[in-house]
Structure formats: structure tokens, C-alpha cells
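Chemist: Dropping the structure in here first, questions after.
The values are calculated or read from the model by the stated rules, or taken from the named source; none is laboratory data. Treat the numbers as computed from the prediction; the structure is a model and nothing was measured. A quick note on method: Cβ atoms are made from the backbone with ideal geometry, for glycine too, and the neighbour counts reach across all protein chains shown. Ligands, DNA and RNA are stripped out before the accessible areas are found, and what is left, the full protein with its side chains, is counted by its heavy atoms. Shrake-Rupley method; radii C 1.70, N 1.55, O 1.52, S 1.80 Å.
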Amino acid sequence: MNEDYLNIEIRKFLKKVGISSQRELESHIKQSIESGSLKIGDNVELEMRLLVKNRGIEHIISDKIKIE
């Protein structure tokens, strides 16, 4: 197995996930603040789920961010 190639492929995938997730979160948070359903000082609970199809692997990361 070419570990360097694997590392590059995984990093490319994670970059896509990171960029698209950040854009989605920023858009939703801005819209929620504008509509009044989210206010400064509120927390947003987040959960990211990584599922490796047909391999039985699931990895979940949970966190929250405070809106300032």
C-alpha cells in the first residue's frame, strides 16, 4: 500500500468536508441571527458523522460553539 498516496487522498476528502461544512454552518448561523432564532451568547450544538460505507465504521464527533 502506498501510504503517501492514501494520506493525500484522505486529506483531499477532509478538505472538501471542512470547506463545505464551514460554508453551510456560517450560512445557517447568519440566517438564524437575522431571523432572531439565534442570538449572541447562544450555543450551537454540532455533530459530525463519518460513515465508511460497506466497512461498518462510524465515527462521531460532537461539540458546541458559542455565538459571539
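Chemist: According to a simple spin-label model (label point 7 Å from Cα along Cα-to-Cβ), what is the distance in nm between Leu51 and Lys12?
Modeler: Using points 7 Å along Cα→Cβ, the separation is 2.4 nm.
Chemist: For the stretch 9-50, which whole-number percentage of the solvent-accessible area (1.4 Å probe, protein heavy atoms only) is attributable to carbon and sulfur atoms?
Modeler: Answer for the stretch 9-50: carbon and sulfur cover 54 percent of the accessible area.
Chemist: With contacts defined as alpha carbon pairs under 8 Å and 6 or more residues apart, what's the relative contact order of the chain in percent? Walk me through the numbers on the way to the answer.
Modeler: Working: 46 pairs, mean separation 16.3, N = 68.
Normalised by residue count, the contact order of the chain is 24 percent.
Chemist: Could you identify which residue out of Ile29, Ile40, Ile57 has the top mean-square fluctuation in a GNM of the chain using Cα springs shorter than 10 Å?
Modeler: The residue that fluctuates most here is Ile57.
Chemist: Using the C-alpha atoms of the chain, what convex hull volume per residue, in cubic angstrom, is computed? List each step's numbers first, then the result.
Modeler: Details: hull volume 7.4 nm³, N = 68.
It comes to 108 Å³ per residue, whole-number rounded.
Chemist: Explain nothing, just the number: dipole magnitude of the chain about its Cα centre with +1 on each Lys and Arg Cβ and -1 on each Asp and Glu Cβ, in debye rounded to the nearest 20. Kindly include the intermediate steps, with their values, before the conclusion.
Modeler: On the way: 12 positive and 12 negative charges, 37 e Å.
Around 180 debye, computed over the chain.
Chemist: Among all lysine pairs in the chain that are eight or more places apart or on different chains, how many have alpha carbons less than 28 angstrom apart?
Modeler: Lysine pairs satisfying the spacing and distance rule in the chain number 17.
Chemist: Give me the one-decimal nm value for the distance between modelled label points at Met1 and Ile65, 7 Å along each residue's Cα-to-Cβ direction.
Modeler: Each label point is offset 7 Å from its Cα along the Cβ direction, giving 3.2 nm.
Chemist: Sticking with this one: Rounded to the nearest 500, what is the chain's calculated 222 nm mean residue ellipticity when only DSSP H runs of at least 4 contribute -39500 (n - 2.57) each, over all residues?
Modeler: Values: 1 runs with 33 residues, N = 68.
It comes out at -17500 deg cm²/dmol, rounded to the nearest 500.
Chemist: If exposed trypsin sites (Lys or Arg not before Pro) are those in a DSSP loop with at most 10 other Cβ within 10 Å, what is the longest stretch of the chain that has none?
Modeler: After excluding every exposed loop site, the longest remaining stretch is 1-38.
Chemist: Here's another thing I want to ask about it. Just to confirm a number: summing +1 for Lys and Arg and -1 for Asp and Glu over residues other than Lys15 whose beta-carbon lies under 14 angstrom from that of Lys15, what do you get?
Modeler: In short, +3.
Chemist: Of the options Ile60, Leu6, Gly18, report the single residue whose Cα projects farthest towards the positive end of the charge dipole of the stretch 5-61 (beta-carbon charges: Lys, Arg +1; Asp, Glu -1).
Modeler: Leu6
Chemist: Here is a further query. Calculate, for the chain, the solvent-accessible area per residue in square angstrom, rolling a 1.4 angstrom probe over the heavy atoms of the protein chains.
Modeler: 94 Å²
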